[in-house]
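**Q** Okay, here's the structure, questions in a sec.
Quick note: the coordinates plus some simple rules give every number you see, no bench work behind them. Being a predicted model, the structure only gives us computed values, none of them experimental. Cβ: placed from backbone, ideal geometry, glycine included. Neighbour counts: every protein chain shown.
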Amino acid sequence: MSWYFASCRVDAGVYRYSCRENEHLSYFHFVGRIIGMAVFHGHYIDGGFTMPFYKMLLNKPIVLSDIESVDPDLYRSLNWILNNDITGVIDATFSVEHDSFGEVQIKELKEQGSEIQVTQENKKEYVRLYVLYRFMQGIEKQFAALQRGFTEIVPHQFLHPFDERELELVIGGLGKIDLDDWRKNTRLKHCNPETPVVQWFWKIIESYTEEMRARVLQFVTGSSRVPLQGFKALQGSSGAAGPRLFTIHVVDVPTGNAKLTLELNVAVRIDALWSVILDYI
């Protein structure tokens, strides 16, 4: 799994492989600008990045605790080194072996690192450099290009008030859907809260899992994420500027089992859209 794209299951090698493509850095620069444009226009990125990615966008240093959610085994190993006397136990230098397209290469963590033994006295420096290496190995130029594209749209001075968790919300929006906020900020057209179709709709939504509710939002608004300000700031899928409230517009109610018909229509339409999305991906 990539160090950054936690929910996309992209192999980390994509970064290192890209260095063989001509003008590959322009792709990362483009991605950075896309993320920046989404933030600038108040839209959200469907998908996820790991927390260290947001820290690096903010130019914050990466520390050992950042690696825990990405590689728990490595975190435990490095944490053990810090909390125990390694004299006569660890036989390592300030260098790391890594595989580059089938060829084993030595990467020095500092100048002449392969000649410097890790000791009880310098182990903190070793852990700090090793963590930085594991996050940035072979992708320094690619990340710099992505960050440059992002900050061309959203300059660094506008990011200073944010920490990494706040930046995650700015880029990705809220993941959990607040049903009370959804109801409160829903516009009713040719109906009212007591209209049967409206009540059926909310009962259907209440019966859905969090994933299915997100799919409904995706179908209606073009995004499965909720703005930081909640549903009152929801953006429409038409691209029009400004918030557009979620709207229930009641037309002619079908005869027969209307609730079942409504439930089937919602489910079929959402599943059909999701199938198209998955096929596209």
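**Q** Which semi-axis lengths, in whole Å and largest first, follow from the square roots of five times the eigenvalues of the Cα gyration tensor of segment 13-172? Numbers along the way, then the final one.
**A** Numbers: eigenvalues 213, 78, 31 Å².
Equivalent ellipsoid semi-axes, largest first: 33, 20, 13 Å.
**Q** Nearest 0.05, what FRET efficiency do Arg165 and Leu132 give at R0 = 25 Å with Cβ-Cβ as r?
**A** 0.75
**Q** Set the Förster radius R0 to 51 Å, insert the Cβ-Cβ distance between Met212 and Ser77 as r into 1/(1 + (r/R0)^6), and round the FRET efficiency to 0.05.
**A** Numbers: r = 40 Å, r/R0 = 0.79.
After rounding to 0.05, the efficiency reads 0.80.
**Q** Tell me, in nm to one decimal, what length is gained between Glu121 and Leu58 on full extension, where the rule is 0.36 nm per residue of separation less the Cα-Cα distance? Don't skip to the answer; put the middle values down first.
**A** Details: separation 63, 0.36 × 63 = 22.68 nm, distance 3.10 nm.
My answer for the length gained is 19.6 nm.
**Q** Sticking with this one: Could you tell me the distance between the Cα centroids of segment 107-168 and segment 35-84, to the nearest Å?
**A** Between the Cα centre of segment 107-168 and that of segment 35-84, the gap is 10 Å.
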